[in-house]
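The values are calculated or read from the model by the stated rules, or taken from the named source; none is laboratory data. Note that this is a predicted model, so its numbers are computed, not measured. All Cβ positions, even for glycine, are placed from backbone atoms using ideal geometry, and neighbour counts span all protein chains on display.
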Amino acid sequence: MKSLIEKIVRIPGPSGYEAQIRQAVRSEVEPLADEVTVDALGNLIARKGRVEQDGMRIMLAAHMDEIGVMVTHVDENGFARFTNIGGVHAQNCPGGRVRFLNGAMGVIGVERLENQTTTPSLEQMYLDLGVSSRKDSPVRVGDVAAFERPFIDLGERLVSKAMDDRIGVAILIETLRALPASPNEVYFVFSVQEEVGVRGATTAAYAINPDLGLAVDVTGTGDTPKGVKMEVGLGKGPAIKVRDAGMLADPRVVNWMVQTAEAARIPYQMEILERGGTDARAIQLTRAGVPAGCLSIPCRHVHSPSEMVDYGDVQHAVHLLAELVSRPVVLT
Amino acid sequence: MTTIHDSPKTRPPRITAEQLRLLENLTNACAVSGDENEVRKIVLQEIKPFADEVYIDHLGNVLVKRLGKGEDRLRVMLAAHMDEVGFMLTFNEDKGDGIFRFDIVGGVSTSHLAGQPLWIGREHVPGVIGAKPVHLTTGDEQGTPLSIESLRIDVGPGNSGKVKIGDRAAFATRFSRVGPSLRAKALDDRLGVATLIELVKHAPQNIDLLAAFTVQEEVGLRGAKVAAYSLDPQIAIALDSTPANDLPAWDGSENERYNTRLGSGPAIYLADSATLSDPRLVRHLVETAEAQGIPYQFRQPGGGGTDAGAMHKQRQGIPSISVSVPGRYLHTPVSIARLSDWKNTLALLHSALIRLTPAILQVERDAP
Amino acid sequence: MTDLLPFLKNLISASGLSGHETPVRQLIEAAWRPLVDEVTVSRVGSLHALKRGISAEPRPSLLLAAHMDAIGLIVTGINGEFLRVTEIGGLDARVLPGQIVTVHGREDLPGLIVQPSAHLLPPDNRSGPVALHNLLVDTGLTSRELDPLVRVGDLASFAQPPFEMAGDVLVGHSLDNRASVAAVTHCLDELQGRKLLWDVWAVATSQEEKSFAGASTSAYQLRPTLAVAIDVTFASSPGSPGHKTFDMGKGPTLGYGPNVHPGVYKAVKNLADRLEIPYAVEVMPRHSGTDAYALQVAAEGIPTMLVSIPLRYMHTAVEMISMKDITRAGRLLAEFAASLDLEFIDNLTWED
């Protein structure tokens, strides 16, 4: 699974411009699914199975898009100003690198500020593509780039940009691969535009109208020095989300996930996230409502170019997800 | 290049004295979000003779259908919002003195309030947002922004009975033309409304044109959400106005955050805070502009939002884009736009609609 | 006829934090069942109670929405014998130290929200109000006793018992918005034995304090012809600006603004005048901050109205409300429902 993860985290695909990552995911899932479609916003939807007696229509969602930047202006000396796509933290930018969809690459530079102690804002930064004039620039207003940082395999821990949420994408692919016959109709939704407001999941959930929905996304951890206080930590198993800023998980879904994990002896943690949301919110609010929850992968340094996950947590997540959707679901 | 039958219905729309009069009526009308009556009346009067179907929905949107001819017609929704930013009277200070507290409706610029005349309610009762005389202010005070809490609307002593709490108030600006420019309040989005009225009157035959004159865009894209759900189009285009911040920098340096520039033509959106435009529609508009020799610009990515933000997320997802006429000083008492930009926006949209075929949706949104 | 005061005291003593409304929903269902024809539960836990009308199908319907969820706390971590918590819904941390709560673990435990001494707090929070994530809950148990009983994700609700004051005033937590549920109950009581032309859906919505999940999904499912949200609003009290608050005991407020259909507002206002029910006009320039916001834009859009009951000290454990205002609101809703004829919607125009 590590080579799959490495392959997909590297592909640039900021919100709204997921074509390259969609192509890679498509080539993985096409041989495994009963039906694969792409909808109006670019969501890739792979269906496996049909509802049989005792079965349910289940939607699983992991988002293909990552945060990135878009060029707003190229000045006469060839420096490009930019705006954010999704939640880009200004403090993670200076000195960073970006890779455009057209292959061009650049460095993030910063203006010299009067006050050296405050964090510069994105408006005080620019992209340096190594050219000297506007006409030599390989990029124009509207061009889109992802952050660039190589994948590192530290053994138990994996590091890359876009673990949020390519790790979820990888987990869905592996779950689809490992899925035994099931009475459920399972929609593996590789969603788009999550980082700008769970837009893809909104329309995908409307189309699918599932009986139950689960997002698979990263969550933060509380195990770094003087960090946010949170019980979730790397290496203690995938997390079962109870609440985040966008959603209260359906308690019946939480119970079902806990009971399934315990029966299969899969380690898990309970998760409460103060800030941040996932596709699960969009699924929950669809049409007449959908019981929804989220299986979270603990991740350090979220929305930085060096997001870190625990490989054991990832493998347990695949195992748990397969257990959850491969047999009749009873919500109590 | 498609052949276009030269009939009255497909002759391209033009901006003449008649359309300028329409814009004047539209901008002089007051329609603060939630109370779009005055503009709705004008819209209905203009389009009723041309519509195959027209109705007002439960939020007050005017929804219009002009059906085309032939097989496999695309259902294309165009939205322009009838509402403007303004104020609402919230509390009568009760001294009979004509003084009311107020709140803003939509993103009114709060640095443009003190010292402005207003029209209040259906009768356009005159009022003012006063300001303390400079003689009575301290230096410190002059350096502090005026909060809405500290300001009041004044309709004059003894006139409290002419207005009531809940009444809306708009800037008291009358439309005028100055050289190449249009000067009025609410160019955002009466320019869009006027443009859409012309497109309805000159609806091309190759599509079903679903026009939505929406309400409450300025307070959360509310009208567009339900309009898109009802109309269920295959493509959605928002017609709006967008800021041109193209003034010179204090030190003569390059203005890198101009958003759009007056005189550079209709602004095609790539991305704002609410929508990542469908690349197929961006391509179609650019190709149309270049083929027809119509000047155009890209609105700088980031910030803001239009009705497209609500439309594209309806039902199973609707490929969407926004096209705006640039305007200076939007959301302030007096805005300025160029007549040429308006003409080119109308021309671009009309040509783009005529050149639309179902083939546009047969490729994926952003095929690599 | 439901005796409203004991019913409401019971309601606010039941747990029902956003997303976990089952205990309070069961109480509401027991009260509503004898008053309606059919009771169901939505996919996100809202209660739908239908009183069928008598006119021919397809029959128009009125939806009355009162959110049953309450704000509270959720356990984020266990620190020895102390619990760390965060909020469900909006809380001002300054009203929390010294508050008694019930921790809903494997069993209900009495808890106390406590503020550690300054030297035990991080340097940037040693002076001024202590942030919620630095407060703790002490159950009085040792860590060994606590361990099997509480885990991350357990809820804690306010535990102040309700009490009455002279002048028909009730004090307690969660009057936002159980008071409105009581108003809807009173409305159903008033409609007992009466035949209405329209269907009436009484809906106790879930998760208003979080995401309006209940209101938006119930409106989508039921597709009512008209919707009225009932919520609480700010009553005048020391420190709250006079121009944004309303007198307690002087009747409900009628919402007016973009979130409300002006035609429905007018109909309700005229009815209140006819019935001599006192009210105040509540001007809302933008977001109403209530279920009405979600109801209005469900599917193709729904003409929506908001009726609110003035409440002092909202989102504290000592919310205060006038029982008279609750019955006035309930009566207004009942008479409005009874007044709806088959021409109402056609007569609902945008012209003045």
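Is it the case, given these coordinates, that residue B:206 is out of contact with any strand residue (DSSP E or B) (no Cβ under 6 Å at 6 or more places or on another chain), in the same structural domain as residue B:323 (by TED's automatic domain parsing), surrounded by fewer than 23 Cβ atoms within 10 Å (Cβ to Cβ) and modelled with pLDDT of 95 or more?
Yes, satisfied.
Residues of the range A:301-331 being assigned to a strand (DSSP E or B) and surrounded by 22 or more Cβ atoms within 10 Å (Cβ to Cβ), which ones?
Scanning the range A:301-331 gives A:307, A:309, A:310.
Please enumerate the residues belonging to the range B:61-76 that are within 14 Å of chain C (Cβ to nearest Cβ) and buried (at least 24 other Cβ atoms within 10 Å of the Cβ).
Of everything in the range B:61-76, those that are within 14 Å of chain C (Cβ to nearest Cβ) and buried (at least 24 other Cβ atoms within 10 Å of the Cβ) turn out to be B:61, B:62.
Based on this model, can you work out whether residue B:323 counts as within 9 Å of chain A (Cβ to nearest Cβ) and either at pLDDT 95 or above or within 15 Å of the chain's Cα centre (by Cα) (or both)?
Judged against the criteria, residue B:323 is not a match.
Restricting to the range C:235-247, what's the tally of residues that are surrounded by fewer than 21 Cβ atoms within 10 Å (Cβ to Cβ) and touching a strand residue (DSSP E or B) at 6+ places or on another chain (Cβ under 7 Å)?
7
Looking for whichever is part of a loop (DSSP other than H, G, I, E, B), in contact (Cβ under 8 Å) with a residue 12 or more places away in the chain and of a type in the set (D, E, K, R) here; the options are A:76, A:28, A:6. Which one fits?
A:76
What are the pairs, 6+ residues apart or on separate chains, where a residue within the range B:55-72 that is within 11 Å of residue C:301 (Cβ to Cβ) has its Cβ under 6 Å from a residue that is among the aromatic types (Phe, Trp, Tyr) and part of a strand (DSSP E or B)?
B:63/B:55
Hey, among B:141, B:123, B:149, which residue is exposed (fewer than 13 other Cβ atoms within 10 Å of the Cβ) and either aromatic (Phe, Trp, Tyr) or under 17 Å from residue C:285 (Cα atoms) (or both)?
Going through B:141, B:123, B:149 in turn, just one is exposed (fewer than 13 other Cβ atoms within 10 Å of the Cβ) and either aromatic (Phe, Trp, Tyr) or under 17 Å from residue C:285 (Cα atoms) (or both): B:149.
Kindly provide the set of residues from the range A:218-249 that are in contact with a Cys (Cβ under 9 Å, 6 or more places away or on another chain) and of a type in the set (Ser, Thr, Tyr), ordered by number.
Selection gives A:219, A:221.
Look at the range C:69-86 and say how many of its residues are outside any strand (DSSP E or B) and farther than 16 Å from residue C:316 by Cα.
2
Yes/no matrix, rows are residues, columns are (1) at pLDDT 95 or above; (2) not charged (D, E, K, R):
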| residue | (1), (2) |
| --- | --- |
| C:166 | no, yes |
| C:184 | yes, yes |
| C:195 | yes, no |
| C:205 | yes, yes |
| C:217 | yes, yes |
| C:221 | yes, yes |
| C:232 | yes, yes |
| C:242 | no, yes |
| C:260 | yes, yes |
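So, residue C:59, is that one surrounded by 15 or more Cβ atoms within 10 Å (Cβ to Cβ), assigned by TED's automatic domain parsing to the domain that holds residue C:181 and under 30 Å from residue A:231 (Cβ atoms) or not?
no
If you go through the range B:329-368, how many residues are polar (S, T, N, Q) and within 14 Å of chain A (Cβ to nearest Cβ)?
Number of matching residues: 1.
Just need a number here: residues in the range B:275-296 that are surrounded by fewer than 24 Cβ atoms within 10 Å (Cβ to Cβ), in a loop (DSSP other than H, G, I, E, B) and in contact (Cβ under 8 Å) with a residue 40 or more places away in the chain.
Residues flagged as surrounded by fewer than 24 Cβ atoms within 10 Å (Cβ to Cβ), in a loop (DSSP other than H, G, I, E, B) and in contact (Cβ under 8 Å) with a residue 40 or more places away in the chain within the range B:275-296 amount to 3.
Could you tell me whether the range A:184-193 includes any residue that is over 30 Å from residue B:320 (Cα atoms) and either within 11 Å of another protein chain (Cβ to nearest Cβ) or modelled with pLDDT of 95 or more (or both)?
The answer is yes, given that some residue of the range A:184-193 is over 30 Å from residue B:320 (Cα atoms) and either within 11 Å of another protein chain (Cβ to nearest Cβ) or modelled with pLDDT of 95 or more (or both).
With respect to residue C:89, determine if the residue is touching a strand residue (DSSP E or B) at 6+ places or on another chain (Cβ under 8 Å) and on the phi > 0 side of the Ramachandran plot.
Values: touching a strand residue (DSSP E or B) at 6+ places or on another chain (Cβ under 8 Å): yes; on the phi > 0 side of the Ramachandran plot: yes.
Yes, satisfied.
Which residue, of B:316, B:362, is out of contact with any strand residue (DSSP E or B) (no Cβ under 9 Å at 6 or more places or on another chain) and closer than 20 Å to residue B:207 by Cα? Reasoning before the result, please.
On the way: B:316 fails: closer than 20 Å to residue B:207 by Cα.
After ruling out the rest, the residue left standing is B:362.
Can we say residue A:4 is away from chain B (no Cβ under 12 Å), surrounded by fewer than 20 Cβ atoms within 10 Å (Cβ to Cβ), farther than 30 Å from residue A:125 by Cα and within 16 Å of the chain's Cα centre (by Cα)?
Against the criterion (away from chain B (no Cβ under 12 Å), surrounded by fewer than 20 Cβ atoms within 10 Å (Cβ to Cβ), farther than 30 Å from residue A:125 by Cα and within 16 Å of the chain's Cα centre (by Cα)), residue A:4 qualifies.
When you scan the range B:175-202, how many residues do you find that are in a strand (DSSP E or B) and either touching a helix residue (DSSP H, G or I) at 6+ places or on another chain (Cβ under 9 Å) or of a type outside the set (Val, Ile, Thr) (or both)?
6
Is the range B:303-315 home to any residue that is touching a helix residue (DSSP H, G or I) at 6+ places or on another chain (Cβ under 7 Å), surrounded by 24 or more Cβ atoms within 10 Å (Cβ to Cβ) and away from chain A (no Cβ under 14 Å)? Give the derivation first.
First, the residues of the range B:303-315 that are touching a helix residue (DSSP H, G or I) at 6+ places or on another chain (Cβ under 7 Å): B:307, B:310-311, B:313-315.
Add one more test, that the residue is surrounded by 24 or more Cβ atoms within 10 Å (Cβ to Cβ), and what stays is B:307, B:310-311, B:313-314.
Narrowing the set further to residues that are away from chain A (no Cβ under 14 Å) leaves B:307.
Checked against the condition, which is being touching a helix residue (DSSP H, G or I) at 6+ places or on another chain (Cβ under 7 Å), surrounded by 24 or more Cβ atoms within 10 Å (Cβ to Cβ) and away from chain A (no Cβ under 14 Å), the range B:303-315 yields at least one hit.
Of B:268, B:237, which residue is away from chain A (no Cβ under 14 Å) and in a strand (DSSP E or B)?
So the residue among B:268, B:237 that is away from chain A (no Cβ under 14 Å) and in a strand (DSSP E or B) is B:237.
Yes/no matrix, rows are residues, columns are (1) touching a helix residue (DSSP H, G or I) at 6+ places or on another chain (Cβ under 7 Å); (2) part of a strand (DSSP E or B); (3) facing another protein chain (nearest Cβ under 10 Å):
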| site | (1), (2), (3) |
| --- | --- |
| A:94 | no, no, no |
| A:113 | yes, no, no |
| A:127 | no, yes, no |
| A:139 | no, no, no |
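Please count how many residues of the range B:226-239 are crowded, with 24+ Cβ neighbours inside 10 Å and either free of Cβ contacts under 8 Å to residues at least 12 places away in the same chain or closer than 25 Å to residue C:294 by Cβ (or both).
7
From A:282, A:317, A:263, A:322, grab the single residue that is within 14 Å of chain C (Cβ to nearest Cβ) and modelled with pLDDT of 95 or more.
A:282
Examine the range B:310-329 for a residue that is in a helix (DSSP H, G or I) and closer than 25 Å to residue B:186 by Cβ, and state whether such a residue exists.
Checked the range B:310-329: at least one residue is in a helix (DSSP H, G or I) and closer than 25 Å to residue B:186 by Cβ.
Would you confirm whether or not the range B:240-258 contains a residue that is crowded, with 24+ Cβ neighbours inside 10 Å and of a type outside the set (Ser, Thr, Tyr)?
There is at least one residue in the range B:240-258 that is crowded, with 24+ Cβ neighbours inside 10 Å and of a type outside the set (Ser, Thr, Tyr).
Of the residues B:356, B:339, B:346, which is among the aliphatic types (A, V, I, L, M) and under 13 Å from residue B:182 (Cβ atoms)?
B:339
Of the residues that make up the range C:314-336, is at least one within 14 Å of another protein chain (Cβ to nearest Cβ) and either of a type in the set (D, E, K, R) or within 28 Å of residue C:195 (Cβ to Cβ) (or both)?
no
Please verify whether the range B:256-263 includes one or more residues that are farther than 21 Å from residue B:187 by Cβ and assigned by TED's automatic domain parsing to the domain that holds residue B:13.
yes
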